[in-house]
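S.K.: Encoded as structure tokens, here's the structure I'll be asking about.
The values are calculated or read from the model by the stated rules, or taken from the named source; none is laboratory data. Every value quoted in this text rests on a predicted model; they were computed, and no experiment measured them. Methodologically, a virtual Cβ is constructed for each residue, glycine included, from the backbone with ideal geometry; neighbour enumeration extends over all protein chains shown.
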């Protein structure tokens, strides 16, 4: 009898109802979830033990709270893998469901002959209404996520990629999102990540100070703020509070590296450099004549500036704000011209 038959025979679970999911999807669901509760007066009994123990045994599970307040559970499974879930494990029947899905996953691991390291953590999201379970593995040694299923990027909503190396940065971004969501399970890896992150921001600040078109998403001043923050954080590197924002910043860095095609021969070295193939749209002759004659060529100038700002469907905040400020000044100047011409016309 397999582990699946033994543990989940009465739970009505199946590997066909086990689906891959991204940490970014879990994050979006967490922040979009709206639950309303009713509060009421209560009676506080005597003594210090006001908060009673849960009525349902946790059976080896630890309950942690994210620095922002969200509760989650984690446990070291028999196979040495850390299991993480946002399911309410104190509710009757939830632990049995988790065990049933774990049996399914262990059976798949055995069948596929997958070797899991102790640095691999498993996230489970059970859906009681539909009888399904979403999952992913996060590996702290490789800084990536993976699944037991063979999947395509469209099915889990990963962006299109150029190569496996390019795709890896999107997977790494999701790994860091996982760490941000569940920092208590990853704090032991935080010190190395913090030091690497500080060096990354030091280089980014130097690049922003010495280049007109840096590709890093933060300005030199913002980088300096983060450098100082990370320096102050070193004494508390293993704290989940620190792990949370270190992971959030690393997710931004990984996302940045994905969009500049970091490590590729064609990588984007300046913010105005296009590296993706796009269709060549021909300009309307009528609009070109209107732009050059009636509008003093201003649309052409603004379009050229816009094309430098909006490259491969990317725009950098600092450069965009500078452009908007300059555009407002141009509009003011143009309105001044129109007003002057109108005044001269009235004087006639």
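S.K.: So which residues in the range 245-291 are modelled with pLDDT under 95 and touching a helix residue (DSSP H, G or I) at 6+ places or on another chain (Cβ under 7 Å), if there are any at all?
M.R.: 271, 272, 291 - these are the residues of the range 245-291 that are modelled with pLDDT under 95 and touching a helix residue (DSSP H, G or I) at 6+ places or on another chain (Cβ under 7 Å).
S.K.: Assess whether residue 190 counts as being touching a residue at least 12 places away in the same chain (Cβ under 8 Å) and in contact with a helix residue (DSSP H, G or I) (Cβ under 7 Å, 6 or more places away or on another chain).
M.R.: Working: touching a residue at least 12 places away in the same chain (Cβ under 8 Å): yes; in contact with a helix residue (DSSP H, G or I) (Cβ under 7 Å, 6 or more places away or on another chain): yes.
Against the criterion (touching a residue at least 12 places away in the same chain (Cβ under 8 Å) and in contact with a helix residue (DSSP H, G or I) (Cβ under 7 Å, 6 or more places away or on another chain)), residue 190 qualifies.
S.K.: For the range 30-49, indicate whether the set of residues that are surrounded by 11 or more Cβ atoms within 10 Å (Cβ to Cβ), assigned to a loop (DSSP other than H, G, I, E, B) and modelled with pLDDT of 85 or more is non-empty.
M.R.: As a first pass, look at the range 30-49 and keep what is surrounded by 11 or more Cβ atoms within 10 Å (Cβ to Cβ): 30.
Retained after the next criterion (residues that are assigned to a loop (DSSP other than H, G, I, E, B)): none.
Looking for residues that are surrounded by 11 or more Cβ atoms within 10 Å (Cβ to Cβ), assigned to a loop (DSSP other than H, G, I, E, B) and modelled with pLDDT of 85 or more, one finds none in the range 30-49, hence no.
S.K.: Follow-up question, since we're still on this one. Taking the condition of being assigned to a loop (DSSP other than H, G, I, E, B) and either under 28 Å from the mean Cα position of the chain (by Cα) or crowded, with 22+ Cβ neighbours inside 10 Å (or both), how many residues in the range 96-126 meet it?
M.R.: Quick first cut of the range 96-126, residues assigned to a loop (DSSP other than H, G, I, E, B) only: 113-119.
Still in the list and also either under 28 Å from the mean Cα position of the chain (by Cα) or crowded, with 22+ Cβ neighbours inside 10 Å (or both): 114-119.
Residues meeting the conditions: 6.
S.K.: Right, something else. Take the range 215-224 and flag every residue that is touching a helix residue (DSSP H, G or I) at 6+ places or on another chain (Cβ under 6 Å), free of Cβ contacts under 8 Å to residues at least 60 places away in the same chain and under 17 Å from residue 260 (Cβ atoms).
M.R.: Listed by number, the residues that qualify are 216, 223.
S.K.: Moving to a separate point now. Restricting attention to the range 183-218, report how many residues are surrounded by 14 or more Cβ atoms within 10 Å (Cβ to Cβ) and closer than 22 Å to residue 65 by Cα.
M.R.: Residues in the range 183-218 being surrounded by 14 or more Cβ atoms within 10 Å (Cβ to Cβ) and closer than 22 Å to residue 65 by Cα: 10 in total.
S.K.: Now a separate question. Going through the range 135-152 one residue at a time, which ones are touching a helix residue (DSSP H, G or I) at 6+ places or on another chain (Cβ under 7 Å) and assigned to a loop (DSSP other than H, G, I, E, B)?
M.R.: Across the range 135-152, the qualifying residues are 140, 143, 148.
S.K.: Find the residue count for the range 9-29, including only residues that are modelled with pLDDT of 95 or more and either in contact with a helix residue (DSSP H, G or I) (Cβ under 8 Å, 6 or more places away or on another chain) or not in a helix (DSSP H, G or I) (or both).
M.R.: Residues meeting the conditions: 9.
S.K.: Residue check, residue 143 against (1) touching a strand residue (DSSP E or B) at 6+ places or on another chain (Cβ under 9 Å); (2) touching a residue at least 24 places away in the same chain (Cβ under 8 Å); (3) under 27 Å from residue 65 (Cβ atoms); (4) crowded, with 18+ Cβ neighbours inside 10 Å, all met but one. Which one?
M.R.: (1)
S.K.: For the range 219-251, what are the residues that are buried (at least 17 other Cβ atoms within 10 Å of the Cβ) and in a loop (DSSP other than H, G, I, E, B)?
M.R.: Once the filter is applied, which keeps residues that are buried (at least 17 other Cβ atoms within 10 Å of the Cβ) and in a loop (DSSP other than H, G, I, E, B), the range 219-251 yields 219, 237.
S.K.: Further question on the same structure: Could you say which residue among 179, 156 is assigned to a helix (DSSP H, G or I) and either in the same structural domain as residue 27 (by TED's automatic domain parsing) or under 30 Å from residue 93 (Cβ atoms) (or both)? Reasoning before the result, please.
M.R.: Numbers: 156 fails: assigned to a helix (DSSP H, G or I).
Going through 179, 156 in turn, the sole match is 179.
S.K.: Can you pull out the residues in the range 54-70 that are modelled with pLDDT under 90, in contact with a helix residue (DSSP H, G or I) (Cβ under 9 Å, 6 or more places away or on another chain) and either within 24 Å of residue 240 (Cα to Cα) or not in a loop (DSSP other than H, G, I, E, B) (or both)? Walk me through it before giving the result.
M.R.: Filtering the range 54-70 down to residues modelled with pLDDT under 90 leaves 54-60.
Of the ones still in play, those that are also in contact with a helix residue (DSSP H, G or I) (Cβ under 9 Å, 6 or more places away or on another chain) are 56-59.
Selection gives 58, 59.
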